[in-house]
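The values are calculated or read from the model by the stated rules, or taken from the named source; none is laboratory data. All of these numbers come straight from a predicted model, not from anything done at the bench. All Cβ positions, even for glycine, are placed from backbone atoms using ideal geometry, and neighbour counts span all protein chains on display. The accessibility values were calculated without ligands, DNA or RNA, using every heavy atom of the protein model including side chains. Shrake-Rupley method; radii C 1.70, N 1.55, O 1.52, S 1.80 Å.
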Amino acid sequence: PAETQESKYFQRLVQAYPIHPEVFDRLYEDWTTIDGFQRTRGVLKLMAKVIYRLWKDNNKDLLILPASLPLYDGSSRNELTYYLPAGWDAVLDKDVDGDRAETTELENKEPRFGAVNAARRVARTIFLGSAPSSVDAKAGNRGLDRAHILLGCVQPGQTLSTYSDALSRLSDLLHYLN
């Protein structure tokens, strides 16, 4: 995205390290629009669970991105789905993250996706940026554009094309993705 080319974005990266500013943007801009999700307490509570699970799993990501959220973990997942309408657990199980998810099947079939968990990382990023709009009654821009999806997935040193290809494949494959 264009804002990432500005020098002040680098300062945001430094100040937010080890959490990517995109995580905070999605939580503060999107999730805080949901009744009950508290701006400070809600974000801190979620991030404590996420960081604990990533530490426990010995996650080696250079930054905690939207794609890093361990939605396979019940505690982290429940912290987010609690604020959403009923039915999101099925979406997460089928399309986003888990042993039976379409994303996992795609990564098992495509080694280049599986090597970096590209499909699950794309789906997690989309979930974090679009799920709150299911609660928002206002019409308008829903979800994320391609550039923000890729920003939420790719780690330094990785190629964008892997995630871009995974996104294209998922758009044809996933039942709940529009």
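A few notes on this one:
- Of Leu44, Leu106, Pro1, farthest towards positive along the dipole that unit charges on Lys, Arg, Asp, Glu beta carbons give the chain: Leu44
- Only the Cβ atoms of Lys and Arg (+1) and of Asp and Glu (-1) were treated as charged; on that basis the dipole of region 1-121 about its Cα centre amounts to roughly 440 debye.
- Accessible area (Å², per residue) of the chain, counting only protein heavy atoms and a probe of 1.4 Å: 54 Å²
- Option label - P(r) over Cα pairs in 10 Å bins from 0, in percent computed here, alternatives (i) 9, 16, 13, 12, 11, 9, 8, 7, 5, 4, 3, 2, 0; (ii) 9, 35, 38, 15, 3, 0; (iii) 9, 40, 39, 12, 0: (iii)
- Largest accessible area first, the residues Thr4, Thr40 order themselves as Thr40, Thr4 under a 1.4 Å probe with ligands, DNA and RNA left out.
- Surface composition of the chain: carbon plus sulfur atoms hold 51% of the accessible area, using a 1.4 angstrom probe and ignoring ligands, DNA and RNA.
- Applying the criteria of a DSSP loop state and at most 10 other Cβ atoms within 10 Å to the trypsin sites (Lys or Arg not before Pro) of region 42-79 yields Lys60.
- Annotation for region 158-178 versus region 1-72: alpha-carbon center distance of 21 Å.
- Under a Gaussian network description of the chain, with springs only between Cα atoms under 10 Å, the residue in Leu150, Leu44, Leu71 that fluctuates furthest is Leu44.
- Solvent-free Debye scattering, log10 I(q)/I(0), computed from the Cα coordinates of region 83-158 at q = 0.22 Å⁻¹: -1.03
- Helix-derived mean residue ellipticity, 222 nm - over the chain, DSSP H n ≥ 4, -39500 (n - 2.57), to 500: -14000 deg cm²/dmol
- Between Thr33 and Tyr17, full extension at 0.36 nm per residue minus the direct alpha carbon distance yields a gain of 3.3 nm.
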